[in-house]
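Before any comments, here is the structure.
The values are calculated or read from the model by the stated rules, or taken from the named source; none is laboratory data. This is a predicted model, so every value here is computed, not measured. Neighbour counts run over all protein chains shown; Cβ positions are idealised from the backbone, glycine included. Each accessible area value is taken on the protein alone, full model and side chains, heavy atoms only, with ligands, DNA and RNA left out. Shrake-Rupley method; radii C 1.70, N 1.55, O 1.52, S 1.80 Å.
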Amino acid sequence: MSELEIPFALADQWDQMLKTKGHCATYWEIAQWGADQELEACCEWLNADPELAQELRTSRRPKLPSLKESRNYLTTQTTPMTND
């Protein structure tokens, strides 16, 4: 397994985040960066099948629905209340 090299600018950015946004938000960003590095390494490994690599990216980082899409989905899924 190879080691990851963290760019100095990114490490500096995380240091500033610790001071302004706190530990939780900063650790979340660091973990997400690490997960992205792992994802890209896996996709490089799957480079023989670009379609499979893209499917992996999409599965690991699904696009969240917008508020409008969520509202529309919820309004179509709810059933009206009856006075039974």
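Here are the numbers for the structure shown:
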{"quantity": "Summed residue charge, Cβ within 15 Å of residue 34's Cβ, Lys/Arg positive, Asp/Glu negative", "calculated": "-4"}
{"quantity": "Check: the chain dipole with +1 on Lys, Arg Cβ and -1 on Asp, Glu Cβ, in debye", "calculated": "580 debye"}
{"quantity": "Cα lying deepest toward the dipole's positive end in segment 3-84, options 28, 75, 53, charges on Cβ", "calculated": "75"}
{"quantity": "Residue 11 paired with residue 64, simple spin-label distance in nm, labels 7 Å along Cα-to-beta-carbon", "calculated": "3.0 nm"}
{"quantity": "Solvent-accessible heavy-atom area per residue, rounded to whole Å², over the chain at 1.4 Å", "calculated": "92 Å²"}
